[in-house]
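In what follows, a structure is listed as C-alpha coordinates, so that the remarks can point back to it.
The values are calculated or read from the model by the stated rules, or taken from the named source; none is laboratory data. On a predicted model such as this, the values are computed, not experimentally measured, just so you know. Cβ atoms come from the backbone with ideal geometry, glycine included; neighbour counts cover every protein chain shown.
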Amino acid sequence: DAKTTQPPSMDCAEGRAANLPCNHSTISGNEYVYWYRQIHSQGPQYIIHGLKNNETNEMASLIITEDRKSSTLILPHATLRDTAVYYCIVRPSIYNQGGKLIFGQGTELSVKP
Amino acid sequence: EAQVTQNPRYLITVTGKKLTVTCSQNMNHEYMSWYRQDPGLGLRQIYYSMNVEVTDKGDVPEGYKVSRKEKRNFPLILESPSPNQTSLYFCASSSVGRLYNEQFFGPGTRLTVL
(Lines give C-alpha, C1' and ligand atoms only; values in the text may rest on other atoms or scores of the structure.)
Protein backbone atom coordinates (compact mmCIF):
# COMPACT_ATOMS: atom_id res chain seq x y z
CA ASP A 1 0.00 0.00 0.00
CA ALA A 2 1.11 3.52 -0.71
CA LYS A 3 2.52 5.51 2.17
CA THR A 4 0.73 8.67 3.25
CA THR A 5 2.06 11.82 4.88
CA GLN A 6 -0.10 14.15 6.95
CA PRO A 7 0.68 17.09 9.21
CA PRO A 8 0.59 15.96 12.85
CA SER A 9 -1.79 18.67 13.99
CA MET A 10 -3.98 21.53 12.79
CA ASP A 11 -6.27 24.09 14.33
CA CYS A 12 -9.49 25.43 12.88
CA ALA A 13 -11.96 28.06 14.07
CA GLU A 14 -15.48 26.86 14.66
CA GLY A 15 -17.70 27.56 11.64
CA ARG A 16 -14.78 27.84 9.25
CA ALA A 17 -13.73 25.27 6.68
CA ALA A 18 -11.12 22.77 7.78
CA ASN A 19 -8.78 21.68 4.99
CA LEU A 20 -6.72 18.61 5.83
CA PRO A 21 -3.96 17.72 3.37
CA CYS A 22 -2.53 14.32 2.59
CA ASN A 23 0.43 13.41 0.44
CA HIS A 24 0.44 10.00 -1.27
CA SER A 25 3.01 10.42 -4.02
CA THR A 26 3.55 6.66 -4.49
CA ILE A 27 -0.11 5.82 -5.05
CA SER A 28 -0.76 3.29 -7.78
CA GLY A 29 -3.56 3.19 -10.31
CA ASN A 30 -5.82 0.76 -8.48
CA GLU A 31 -5.55 2.37 -5.05
CA TYR A 32 -8.31 4.40 -3.51
CA VAL A 33 -7.95 7.26 -1.04
CA TYR A 34 -9.96 6.81 2.15
CA TRP A 35 -10.48 9.17 5.05
CA TYR A 36 -11.44 8.03 8.53
CA ARG A 37 -11.52 9.89 11.80
CA GLN A 38 -11.27 8.84 15.42
CA ILE A 39 -12.84 10.91 18.15
CA HIS A 40 -11.08 10.44 21.47
CA SER A 41 -10.47 6.65 21.50
CA GLN A 42 -13.85 5.81 19.98
CA GLY A 43 -13.99 3.44 17.03
CA PRO A 44 -12.73 4.97 13.78
CA GLN A 45 -15.46 6.41 11.60
CA TYR A 46 -15.51 6.34 7.82
CA ILE A 47 -15.80 9.77 6.21
CA ILE A 48 -15.33 9.51 2.46
CA HIS A 49 -13.29 7.82 -0.25
CA GLY A 50 -12.36 8.39 -3.87
CA LEU A 51 -10.31 7.10 -6.77
CA LYS A 52 -9.62 10.09 -9.00
CA ASN A 53 -12.69 12.29 -9.13
CA ASN A 54 -13.61 14.76 -6.44
CA GLU A 55 -16.24 13.42 -4.08
CA THR A 56 -18.74 15.00 -1.72
CA ASN A 57 -21.10 13.56 0.85
CA GLU A 58 -23.00 14.86 3.84
CA MET A 59 -19.89 14.91 5.98
CA ALA A 60 -17.13 16.25 3.78
CA SER A 61 -15.58 16.82 0.38
CA LEU A 62 -12.54 15.07 -1.01
CA ILE A 63 -10.37 16.82 -3.56
CA ILE A 64 -7.81 14.62 -5.34
CA THR A 65 -5.18 16.26 -7.53
CA GLU A 66 -5.07 15.32 -11.18
CA ASP A 67 -1.84 13.36 -10.75
CA ARG A 68 -3.38 11.66 -7.66
CA LYS A 69 -0.28 12.33 -5.60
CA SER A 70 -2.11 14.32 -2.98
CA SER A 71 -5.59 15.00 -1.68
CA THR A 72 -7.43 17.35 0.65
CA LEU A 73 -10.31 16.56 2.96
CA ILE A 74 -12.60 19.54 3.45
CA LEU A 75 -15.00 19.89 6.36
CA PRO A 76 -17.00 22.88 5.13
CA HIS A 77 -18.23 24.23 8.46
CA ALA A 78 -16.22 22.71 11.28
CA THR A 79 -17.87 22.30 14.68
CA LEU A 80 -16.40 21.44 18.06
CA ARG A 81 -17.59 17.86 17.53
CA ASP A 82 -15.25 17.57 14.55
CA THR A 83 -12.25 17.65 16.89
CA ALA A 84 -10.61 14.29 16.20
CA VAL A 85 -7.65 12.53 14.63
CA TYR A 86 -8.12 12.29 10.87
CA TYR A 87 -6.50 9.46 8.95
CA CYS A 88 -5.76 9.43 5.24
CA ILE A 89 -5.45 5.84 4.00
CA VAL A 90 -4.52 4.57 0.56
CA ARG A 91 -5.28 0.99 -0.41
CA PRO A 92 -6.70 -1.24 -3.13
CA SER A 93 -9.96 -3.13 -2.84
CA ILE A 94 -10.81 -5.14 0.22
CA TYR A 95 -9.68 -8.35 -1.45
CA ASN A 96 -6.05 -7.38 -1.05
CA GLN A 97 -4.05 -7.98 2.10
CA GLY A 98 -6.92 -9.13 4.25
CA GLY A 99 -8.87 -5.93 3.84
CA LYS A 100 -6.83 -4.22 6.49
CA LEU A 101 -6.72 -0.49 6.84
CA ILE A 102 -3.25 0.87 7.60
CA PHE A 103 -3.73 3.79 9.95
CA GLY A 104 -0.73 6.11 10.09
CA GLN A 105 -0.29 8.82 12.69
CA GLY A 106 -3.01 11.02 11.21
CA THR A 107 -3.71 14.71 11.76
CA GLU A 108 -5.05 15.83 15.09
CA LEU A 109 -7.60 18.51 14.26
CA SER A 110 -8.60 20.88 17.04
CA VAL A 111 -11.67 22.99 16.36
CA LYS A 112 -11.67 26.03 18.62
CA PRO A 113 -14.55 28.34 19.56
CA GLU B 1 -29.76 0.91 13.86
CA ALA B 2 -26.83 -0.50 11.91
CA GLN B 3 -23.99 -1.10 14.31
CA VAL B 4 -21.08 -3.15 15.56
CA THR B 5 -21.21 -3.97 19.24
CA GLN B 6 -18.42 -5.17 21.50
CA ASN B 7 -18.52 -6.59 25.00
CA PRO B 8 -17.19 -5.93 27.47
CA ARG B 9 -16.22 -2.30 26.93
CA TYR B 10 -13.72 -2.37 29.79
CA LEU B 11 -11.96 -5.33 31.33
CA ILE B 12 -9.23 -5.71 33.91
CA THR B 13 -7.89 -9.21 34.30
CA VAL B 14 -4.83 -11.10 35.47
CA THR B 15 -2.14 -12.93 33.54
CA GLY B 16 -3.19 -16.35 32.33
CA LYS B 17 -6.93 -16.08 32.88
CA LYS B 18 -8.70 -16.92 29.63
CA LEU B 19 -11.05 -14.29 28.29
CA THR B 20 -13.28 -13.65 25.31
CA VAL B 21 -14.22 -10.31 23.81
CA THR B 22 -17.38 -10.56 21.77
CA CYS B 23 -18.14 -8.70 18.56
CA SER B 24 -21.48 -8.68 16.80
CA GLN B 25 -22.80 -6.82 13.74
CA ASN B 26 -26.35 -6.50 12.45
CA MET B 27 -25.58 -5.49 8.87
CA ASN B 28 -25.21 -8.97 7.36
CA HIS B 29 -21.57 -8.21 6.54
CA GLU B 30 -19.37 -10.99 5.26
CA TYR B 31 -16.10 -9.40 6.35
CA MET B 32 -15.09 -8.88 9.97
CA SER B 33 -11.78 -7.96 11.52
CA TRP B 34 -10.03 -7.27 14.83
CA TYR B 35 -7.53 -4.49 15.46
CA ARG B 36 -5.56 -3.41 18.48
CA GLN B 37 -4.49 0.17 19.08
CA ASP B 38 -1.42 1.10 21.07
CA PRO B 39 0.17 4.53 21.58
CA GLY B 40 2.72 5.28 18.89
CA LEU B 41 1.89 2.12 16.94
CA GLY B 42 -1.49 3.01 15.51
CA LEU B 43 -4.08 0.35 14.74
CA ARG B 44 -2.77 -3.08 13.79
CA GLN B 45 -4.84 -5.90 12.42
CA ILE B 46 -4.96 -9.09 14.52
CA TYR B 47 -7.25 -11.43 12.57
CA TYR B 48 -9.85 -11.13 9.88
CA SER B 49 -12.62 -13.23 8.39
CA MET B 50 -13.96 -13.08 4.86
CA ASN B 51 -17.03 -15.16 5.71
CA VAL B 52 -18.38 -17.89 7.99
CA GLU B 53 -15.75 -20.49 8.84
CA VAL B 54 -13.07 -18.50 6.97
CA THR B 55 -10.49 -16.76 9.14
CA ASP B 56 -6.92 -15.63 8.59
CA LYS B 57 -4.08 -13.97 10.43
CA GLY B 58 -3.43 -10.27 10.30
CA ASP B 59 -0.20 -8.59 11.29
CA VAL B 60 -0.16 -9.38 15.02
CA PRO B 61 -2.01 -12.69 15.61
CA GLU B 62 0.28 -14.14 18.31
CA GLY B 63 -1.57 -14.84 21.54
CA TYR B 64 -5.03 -14.53 20.01
CA LYS B 65 -7.63 -16.85 18.55
CA VAL B 66 -10.84 -16.16 16.69
CA SER B 67 -13.81 -18.10 15.40
CA ARG B 68 -16.55 -17.36 12.87
CA LYS B 69 -19.35 -19.85 13.37
CA GLU B 70 -22.09 -17.35 12.56
CA LYS B 71 -22.07 -14.46 10.14
CA ARG B 72 -22.92 -11.87 12.75
CA ASN B 73 -20.40 -12.83 15.46
CA PHE B 74 -16.60 -12.76 15.53
CA PRO B 75 -15.26 -13.31 19.07
CA LEU B 76 -11.65 -12.63 20.00
CA ILE B 77 -10.19 -15.17 22.43
CA LEU B 78 -7.14 -14.69 24.61
CA GLU B 79 -6.31 -18.16 25.92
CA SER B 80 -3.58 -16.98 28.30
CA PRO B 81 -3.46 -13.18 28.44
CA SER B 82 -0.21 -11.43 29.17
CA PRO B 83 0.53 -7.81 30.12
CA ASN B 84 1.72 -7.01 26.58
CA GLN B 85 -1.84 -7.60 25.42
CA THR B 86 -3.01 -4.61 27.39
CA SER B 87 -4.50 -2.48 24.65
CA LEU B 88 -7.58 -0.91 23.09
CA TYR B 89 -9.32 -3.39 20.80
CA PHE B 90 -11.64 -2.66 17.91
CA CYS B 91 -13.83 -4.92 15.85
CA ALA B 92 -14.79 -3.88 12.33
CA SER B 93 -17.10 -5.21 9.63
CA SER B 94 -17.81 -4.56 5.98
CA SER B 95 -19.55 -5.98 2.95
CA VAL B 96 -17.44 -7.43 0.16
CA GLY B 97 -19.99 -7.06 -2.58
CA ARG B 98 -18.32 -4.00 -4.04
CA LEU B 99 -14.71 -3.12 -4.77
CA TYR B 100 -14.64 -0.16 -2.44
CA ASN B 101 -16.26 -0.41 0.96
CA GLU B 102 -16.36 1.49 4.16
CA GLN B 103 -15.61 -0.43 7.31
CA PHE B 104 -17.78 0.00 10.38
CA PHE B 105 -16.01 -0.07 13.71
CA GLY B 106 -17.26 -1.01 17.13
CA PRO B 107 -16.87 1.26 20.16
CA GLY B 108 -13.76 -0.47 21.44
CA THR B 109 -12.79 -2.67 24.38
CA ARG B 110 -10.14 -1.40 26.74
CA LEU B 111 -8.29 -4.39 28.17
CA THR B 112 -5.80 -4.28 31.02
CA VAL B 113 -3.85 -7.42 31.90
CA LEU B 114 -2.10 -7.27 35.27
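For the stretch B:19-33, the count of residues that are closer than 21 Å to B:P83 by Cβ, out of contact with any Leu (no Cβ under 9 Å at 6 or more places or on another chain) and either more than 12 Å from every other protein chain (Cβ to nearest Cβ) or assigned to a strand (DSSP E or B) (or both) is zero. Name the residue that is modelled with the lowest pLDDT, counting only residues in the stretch A:11-44 that are within 11 Å of chain B (Cβ to nearest Cβ), assigned to a loop (DSSP other than H, G, I, E, B) and over 16 Å from A:Q105 (Cα atoms). In this case the residue turns out to be A:N30. When the test is whether a residue is within 14 Å of the chain's Cα centre (by Cα), within 11 Å of chain A (Cβ to nearest Cβ), at pLDDT below 95 and assigned to a strand (DSSP E or B), B:Q6 does not pass it.
Just one of the listed residues (B:S33, B:S24) is under 12 Å from B:G106 (Cβ atoms) and in contact with a helix residue (DSSP H, G or I) (Cβ under 7 Å, 6 or more places away or on another chain), and it is B:S33.
Considering each of A:I47, A:I63, A:I74 in turn, give the residue that is at pLDDT 95 or above, more than 11 Å from chain B (Cβ to nearest Cβ), in a strand (DSSP E or B) and more than 20 Å from A:T26 (Cβ to Cβ). Outline the logic, then answer.
On the way: A:I47 fails: more than 11 Å from chain B (Cβ to nearest Cβ); A:I63 fails: more than 20 Å from A:T26 (Cβ to Cβ).
Going through A:I47, A:I63, A:I74 in turn, the sole match is A:I74.
Being touching a Cys at 6+ places or on another chain (Cβ under 9 Å), within 10 Å of A:N19 (Cβ to Cβ) and surrounded by fewer than 19 Cβ atoms within 10 Å (Cβ to Cβ) is the filter here, so list the residues in the stretch A:68-84 that pass it. Once the filter is applied, which keeps residues that are touching a Cys at 6+ places or on another chain (Cβ under 9 Å), within 10 Å of A:N19 (Cβ to Cβ) and surrounded by fewer than 19 Cβ atoms within 10 Å (Cβ to Cβ), the stretch A:68-84 yields only A:T72. Per the listing A:V111, A:V85, the residue uniquely modelled with pLDDT of 95 or more, under 19 Å from A:E14 (Cα atoms) and within 13 Å of another protein chain (Cβ to nearest Cβ) is A:V85. Only one of the numbered conditions (1) within 26 Å of B:P107 (Cα to Cα); (2) part of a strand (DSSP E or B) is not met by A:G104, and that is (2). Scanning the stretch B:58-111 for residues that are more than 14 Å from chain A (Cβ to nearest Cβ) and in a strand (DSSP E or B), we see that the one that is nearest to B:K17 (Cα to Cα) is B:L78. Test A:G104 against the stated conditions and say whether it is within 13 Å of another protein chain (Cβ to nearest Cβ), under 30 Å from B:M50 (Cα atoms) and modelled with pLDDT under 95. The answer is yes for A:G104. Taking the listed residues B:R36, B:R44, B:R9, the one that is in contact (Cβ under 8 Å) with a residue 40 or more places away in the chain, buried (at least 16 other Cβ atoms within 10 Å of the Cβ) and among the charged types (D, E, K, R) is B:R36, with no other qualifying.
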